[in-house]
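These notes concern the structure reproduced below.
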Amino acid sequence: TKETPQPDTNEGRFTFSCTSNAVLRTDYICVVYLPDVQTRPRMRIWNSSFSDSIEVRGVSSLNEVLDHVRNDYHVPPSVPLNIALVEDGTIVDDDEYFGTLARNSELVFLSPWEKFNPWLRKLRDAFSRDPQISSMERVVGDFLSQKREAKTKLLNSYVSRLPVNRSLNSREEDPSWFQGLPGRFKSKDQVMKDRARSRMRNYLRETKEYLRNRYSVNEKEVQFSFSIIRELTDMLKERDYHGHYFNREELARDLRLCDSHGSFKCQGPFNSDICSYVDHQINPYDNRESLILFQNWNLDHGIEKSRTILPGMIQAMKSCMTKGFILNTLYFFNLLFTTVNLKLVHTVCHDKTGHKTKQLDSSNFFVGDQKISRSGNGIRA
């Protein structure tokens, strides 16, 4: 016979007894793992202006997050939404990446016409540590209304008065630097590697979206597009999504964009070999504010990604379909994701006008004169 399980003194533990032929009595301890809602993943989701947020628990997929947003903010299903990480603006676009997020991650939801603006949240965090500032809303509002170069001078002036802790690396040594960052990061080097990886993930996401919206029409094109994206993804994974670009601990000097202390220098606009500004340098390892400012430094594509590389890539993919060529994926990979075509630039040196002097070399579109193979899985380069 079984007695009704009785709660033990330890939460989630029950004791019950069994008797056999009224002779043997044995007590069993049954440990029951209950899904305590307090231990499930918990995330805070902000609106795009960071004026309001909701907390959700127990979510296990991106769609669950979107459902919470639509229900709480009354967003109709007909309106598409993007979900981004508050810490760096990386778009969370699939469950695979969602599954890598830490507990207590902060997210922001954006409509297609809204652009993530890290200043709205992160500058409040930075400036709130200055006791001379009494009205954060007013200060941030005034700051955002200024022109770009004025912003830069103000921020450089502010940051130059802050302590320099670049020699410290761990969370224990410099806890203020890690304020607001997920607990999985134990060192500054880990954070900076993740920041570099996030930028590569964004470029990959943009490439996926571009090919899906501009190229994939019929089933063969869809399969070919998938094979190219898969190849680009594998190449990034093999190179750890180029996390070494921002990591001062990278031993190979030519693989990182900073010196051994973590200092970065602007490499100048796309049409120049140097930067003409003496003050266009930064060390995000110094303090939390410098890390925030570094977020607005750009990896600028000399040959432009959306205007030139991706349209040229689609043109080459169509030739592969009609003429049987093999796409030179490595050529396009280097232009999209490596310093063959990327320069680290200060926001002032980021020229967003058309880079007409930088064009693709069509002689590199294809690999030799080999034919693409056809199989039951569709057409693959």
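What the table shows:
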quantity	calculated
Residue count for segment 270-306, restricted to those that are part of a strand (DSSP E or B) and in contact with an Asp or Glu (Cβ under 9 Å, 6 or more places away or on another chain)	1
Residue in segment 237-244 that is acidic (Asp, Glu) and on the phi > 0 side of the Ramachandran plot present	yes
Counted residues, segment 240-262 - those being open to solvent by 50 Å² or more (accessible area, probe 1.4 Å) and over 19 Å from SER187 (Cα atoms)	3
Selected residue [open to solvent by 70 Å² or more (accessible area, probe 1.4 Å) and more than 23 Å from HIS350 (Cα to Cα)] from LYS188, LYS265, LYS237	LYS237
Candidate set from segment 355-376 (those that are outside any loop (DSSP other than H, G, I, E, B) and open to solvent by less than 70 Å² (accessible area, probe 1.4 Å)); member that is modelled with the lowest pLDDT	SER375
Any hit, segment 329-347, residues being open to solvent by 70 Å² or more (accessible area, probe 1.4 Å), in a helix (DSSP H, G or I) and modelled with pLDDT of 95 or more	yes
Of all residues making up segment 30-69, the number that are open to solvent by less than 50 Å² (accessible area, probe 1.4 Å) and modelled with pLDDT of 85 or more	14
Every residue from segment 49-94 that is of a type in the set (Asp, Glu), more than 14 Å from ARG201 (Cα to Cα) and touching a residue at least 24 places away in the same chain (Cβ under 8 Å)	GLU87
Residues located in segment 100-110, provided they are at pLDDT below 80, open to solvent by 60 Å² or more (accessible area, probe 1.4 Å) and not charged (D, E, K, R)	THR100
When residues of segment 307-328 are limited to those that are small (Gly, Ala, Ser) and in a helix (DSSP H, G or I), the one most open to solvent (accessible area, probe 1.4 Å)	SER319
Conditions (1) at negative phi; (2) touching a residue at least 12 places away in the same chain (Cβ under 8 Å); number of the one not met by SER160	(2)
Residue within segment 221-234 that is open to solvent by less than 30 Å² (accessible area, probe 1.4 Å), closer than 16 Å to ARG199 by Cα and under 21 Å from the mean Cα position of the chain (by Cα) present	yes
Lone unmet requirement of (1) touching a helix residue (DSSP H, G or I) at 6+ places or on another chain (Cβ under 8 Å); (2) open to solvent by less than 80 Å² (accessible area, probe 1.4 Å); (3) modelled with pLDDT under 85; (4) not polar (S, T, N, Q) for ARG214	(2)
Residue list for segment 78-109, restricted to those being part of a loop (DSSP other than H, G, I, E, B), closer than 15 Å to LYS208 by Cα and touching a strand residue (DSSP E or B) at 6+ places or on another chain (Cβ under 6 Å)	VAL92
Condition met for ARG166 (in contact (Cβ under 8 Å) with a residue 40 or more places away in the chain and more than 18 Å from ASP286 (Cα to Cα))	no
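The values are calculated or read from the model by the stated rules, or taken from the named source; none is laboratory data. In this text the structure is predicted, and so the values were computed from the model without any measurement. Don't worry about glycine lacking a Cβ; one is built from the backbone with ideal geometry, like all the others, and counts go over all protein chains shown. Remember, those area values only see protein heavy atoms, side chains included, never the ligands or the DNA or RNA. Shrake-Rupley method; radii C 1.70, N 1.55, O 1.52, S 1.80 Å.
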